[in-house]
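The values are calculated or read from the model by the stated rules, or taken from the named source; none is laboratory data. Treat the numbers as computed from the prediction; the structure is a model and nothing was measured. Positions of Cβ are generated from backbone atoms using ideal geometry, with glycine treated the same way; all protein chains shown enter the neighbour counts.
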Amino acid sequence: MNILRNKIDFLAIATVDKANPNGDPLNGNRPREDYDGYGEISDVCLKRKIRNRLQDMGEKVFVISNERRDDDFKSLYSRSQSIPELKEASEKNDKEKYASIACSTWMDVRAFGQVFAFKKDKMSLGIRGPVSIHPAVSTEPIVISDIQITRSTNSDPNMQGNTEVDDKGSETMGTKHRVEFGVYIIKGSINVQLAEKTGFSEEDAEKIKEALATLFENDASSARPEGSMEVKKLYWWKHNCPSGQYSSAKVHRSVEVKRKEGVTSPRSFEDYEVKYTSLEGLDPEIIEGQ
């Protein structure tokens, strides 16, 4: 494998159409927004989706959600203990060997890093990964709709003595929340120095790129119906040196998404215009959403 030698920056433009991109459990699962009303998708949520896509591609992933678990291990500790070399390195408190084995075994570890700190282990270890991702933020304040729903079937039996009777109980009220329409910007970078430490390769970078371009495949739910979220464009800058020709902030600022003049209530991506300001000597690969 070819270790990554050139810094990479990336930016994806995604749309949300009548969906909840990332609910806040501390706020009734309403779509996340900041104090100014701009929508947000947490970096943790984005990494979860990337991990899911990597798993779809056949990559081994360490942090697997329960509904996608493809092995018999119900905890991260059990999964780590399934690798004899890791178990041996942990017992010997050989952190360097432990990190090397973990990174070579699981792609998400060598991409995002991982904290290995289990109560049953004497050793604790933190691995920094080269792939960093910002929380996604909408281009303008979002409009959130609250929809009342009811459940008209019984989840628990209605009993009279020891007999279950056909008696519909009172309907249960609930609420669903969704963003009417929004454009979100996802930004990130891949650091060469950290890639060298974890063994993150050129091939790994290509898989991250593919995962970003197809971020919302196999991600449908009642809160995010199929087709309600999609990546419209992915900008992928590969610098000609390890430290980068420009700062990541300047690279990300070269793409601007704003509402077209005369549009008062945007309802589609066509209501926005994307302006790219080229940087001398650094041209992005632009991938259209699939």
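Couple of notes before you dig in:
- The number of residues in the stretch 169-199 being in a strand (DSSP E or B) and in contact with a Gly (Cβ under 8 Å, 6 or more places away or on another chain) comes to 5.
- Pairs, first farther than 18 Å from Glu230 by Cβ and outside any strand (DSSP E or B) in the stretch 35-57, second at pLDDT 95 or above and among the β-branched types (Val, Ile, Thr), C-beta under 6 Å, six or more apart: Asp43/Ile133; Arg51/Val61; Leu54/Val61; Gln55/Val61
- Qualifying residue in the stretch 259-278 (condition: over 24 Å from Thr15 (Cβ atoms) and either touching a residue at least 40 places away in the same chain (Cβ under 8 Å) or not in a strand (DSSP E or B) (or both)): yes
- Every residue from the stretch 194-241 that is in contact with a Pro (Cβ under 7 Å, 6 or more places away or on another chain) and either under 26 Å from Ser100 (Cα atoms) or β-branched (Val, Ile, Thr) (or both): Leu194, Ala195, Thr198, Phe200
- So Ser100, is it in a helix (DSSP H, G or I), among the hydroxyl-bearing types (Ser, Thr, Tyr) and loosely packed, with under 15 Cβ neighbours inside 10 Å: no
- All positions within the stretch 1-34 that are without any contact (Cβ under 8 Å) to a residue 12 or more places away in the chain and of a type outside the set (A, V, I, L, M): Asp24, Pro25, Asn27, Arg32
- Note on the stretch 1-33: residues that are modelled with pLDDT under 95, part of a loop (DSSP other than H, G, I, E, B) and out of contact with any helix residue (DSSP H, G or I) (no Cβ under 7 Å at 6 or more places or on another chain) total 2.
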